[in-house]
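One structure is given here, and the rest of the page talks about it.
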Amino acid sequence: MLIKNTLSRFGLFSKLLHWLIAILILGLIWLGWYMVDLTYYDKWYNDSLHYHKSLGILALALALFKIGWQWHTPAPGPVAGLKTWEKAGAKVMHYVLWGMMLLIPVTGYLISTSAGKPIQLFNWFELPAIVDVDEELRELAIDVHFYLAYATLFLVAGHAGAALKHHFINGDDTLKRML
Ligand code: HEM
Ligand code: HEM
């Protein structure tokens, strides 16, 4: 199996990154939804937020790494035989998903580093606060984090639905070449 992408296939590394980031993001949406309703007296109150932040920063690091990787070895073009609107739709959806992969963790970082607090990553090392976040920016970051995270669920449903449609209805290689 090829490590790098070719003009027509995703390489092993791009596939691994795609699925790892997808699992992390879906898991983090669930974890975020679960943790915000916990109270101080719940066993997971502190740990859930600690793991949410650490895994969220890991998702951001993997997304940045994926950008670098795809700059080094570009993603293949769409499979042959797609209509113009399908190619354009896929392109827009992929850009929007890229935006989500970056903006959701960045807004999470801004919420967490407001008041100058650093982030403890898996108790391995600290990520310092590099931006001065005032109360107004913190409120904005909370809202953006919330709306983008839940909107991603709908986007991923559309994205996965399109992949399944290509596989089962069109019978093309779109899904197979990402597996
Ligand atoms: C949070 C979840 C997900 C994110 C953020 C995401 C993101 C992306 C992005 C940005 C691409 C563009 C190719 C690239 O730049 O590497 C892509 C391609 C792809 N994704 Fe996802 N994805 C997610 C989940 C899923 C799921 C659940 C499925 C299938 C059931 C799926 C199937 C595919 C397929 C088949 C492609 C290749 C499309 C093509 O060749 O044009 N993805 N994904
Ligand atoms: C792709 C990565 C991420 C996803 C999908 C995600 C998703 C979520 C979701 C769904 C919530 C619950 C929102 C609500 O129902 O109110 C949440 C809350 C939160 N997330 Fe994330 N998150 C991610 C990354 C991060 C990162 C990297 C950090 C910090 C370093 C972070 C910090 C927080 C905090 C502090 C809250 C609680 C916000 C509040 O007080 O309402 N998140 N996240």
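Of the candidates 71, 124, the single residue that is loosely packed, with under 12 Cβ neighbours inside 10 Å, more than 13 Å from ligand 2 (Cβ to nearest atom) and modelled with pLDDT of 95 or more is 71. Could you tell me which of the residues 41, 95, 45 is of a type in the set (Ser, Thr, Tyr) and either within 13 Å of ligand 2 (Cβ to nearest atom) or in contact with a helix residue (DSSP H, G or I) (Cβ under 7 Å, 6 or more places away or on another chain) (or both)? None of the others qualify; the one that does is 45.
Residues are listed down the side, and each one gets a yes or a no for (1) touching a residue at least 24 places away in the same chain (Cβ under 8 Å); (2) in contact with a Leu (Cβ under 7 Å, 6 or more places away or on another chain); (3) in a helix (DSSP H, G or I); (4) among the basic types (Lys, Arg):
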| position | (1), (2), (3), (4) |
| --- | --- |
| 5 | yes, no, no, no |
| 20 | yes, yes, yes, no |
| 23 | no, no, yes, no |
| 39 | no, no, no, no |
| 47 | no, no, yes, no |
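Of all residues in region 81-92, none satisfies being within 10 Å of ligand 1 (Cβ to nearest atom), at pLDDT 95 or above and within 12 Å of the chain's Cα centre (by Cα).
Of all residues in region 88-121, those satisfying the criterion of being surrounded by fewer than 18 Cβ atoms within 10 Å (Cβ to Cβ) and part of a loop (DSSP other than H, G, I, E, B) are 117, 118.
Pairs are defined by a Cβ separation below 8 Å, a sequence spacing of at least 6 or placement on different chains, a first member in region 136-165 that is over 21 Å from residue 60 (Cβ atoms), and a second member that is part of a helix (DSSP H, G or I) and modelled with pLDDT of 95 or more; the pairs so defined are 158/93; 162/89; 162/90; 162/93; 163/178. I'd like to check something: does region 66-82 contain any residue that is under 17 Å from residue 151 (Cβ atoms) and either among the aromatic types (Phe, Trp, Tyr) or touching a residue at least 24 places away in the same chain (Cβ under 8 Å) (or both)? No, region 66-82 contains no residue that is under 17 Å from residue 151 (Cβ atoms) and either among the aromatic types (Phe, Trp, Tyr) or touching a residue at least 24 places away in the same chain (Cβ under 8 Å) (or both).
The values are calculated or read from the model by the stated rules, or taken from the named source; none is laboratory data. Everything numeric in this text was worked out from a predicted model, so none of it was measured. For neighbour counting, all protein chains shown are included, and Cβ atoms are generated from backbone atoms with ideal geometry for every residue, glycine included.
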